[in-house]
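The block underneath contains the structure these notes are about, expressed in C-alpha cells.
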C-alpha cells in the first residue's frame, strides 16, 4: 500500500475516504503551464473571438440544433482535422441521442487560401444510411469543401436527411453557392487560426480564434 500511495497519490480519494494531494512531486506553476499557449498568443496579430465568446455561441448552437432535430436519428459527421475541436464541444451541447462519425479532407494544402481542390483522405465513408446527418466543419470559405462532402455523403451513404453546421462563415462570394444551416460567427475574408483552424497544421490548439502576424506566414502562402 505504501508503494502504491507513493506512486499514485496525486489528487485522489483513497479507500480511507481522505482526499490527498501529492506533495512529493513538484507542482507546475500556472505560469509554466500556460507558457506554450502564451508563446502562441504572441504570434497573433489580433483575436477575433475569445474562448468565452466561442463557448457561449456553441451553447446557443447546441440549443438550436437540439430543438430542430428532436426525434431524429442523428449522426454527427465532423470534417477533419479542423472540425475536431468544434465537434467535441458542440456535441456536448446537443441533448439528443447521437452517433459520431468523421471524414478527412483537405483544401488549403498548407497555404492561406483554398487551393480549389478538395482531397478525400480516407477509403471508407461514414456509416449513416437512413440516418439524419449533421456535417460539421470549422469554416465555410469558398464552399467547395462543404459542398463536396455533403454531395459525396448524400450520394454514397444514402442518409435520410443532411444538414450542416460551421463555426465560421466568411462573408465572401463563394465559388460554390452553399450556406450552412447553422453558423457560429461571420468573418471577413481573412485567414484565421486557432480552435481547430491551422496554418501548416499548427496553431489548432489555440483556445481563441485570431489572425497571425505576417512574420509567421511564408511569403509564398
Residue separation times 0.36 nm, minus the C-alpha to C-alpha distance between residue 63 and residue 152: what's the value? 29.3 nm
Compute the distance in nm between two label points, each set 7 Å from the Cα along the Cα-to-Cβ direction, one at residue 161 and one at residue 176. 2.2 nm
Percent antiparallel among DSSP beta bridges confined to the range 45-216, nearest 5, equals 25 percent
Treat each spin label as a single point 7 Å out from the Cα along the C-beta direction, and report the residue 99 to residue 127 distance in nm. 0.6 nm
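Read the figures in this text as sums done on the coordinates, not as results from a lab. Here the structure is a predicted model, which is why all the values come from computation and not from measurement. Neighbour counts are summed over all protein chains in view; Cβ atoms, including those assigned to glycine, are modelled from backbone coordinates with ideal geometry.
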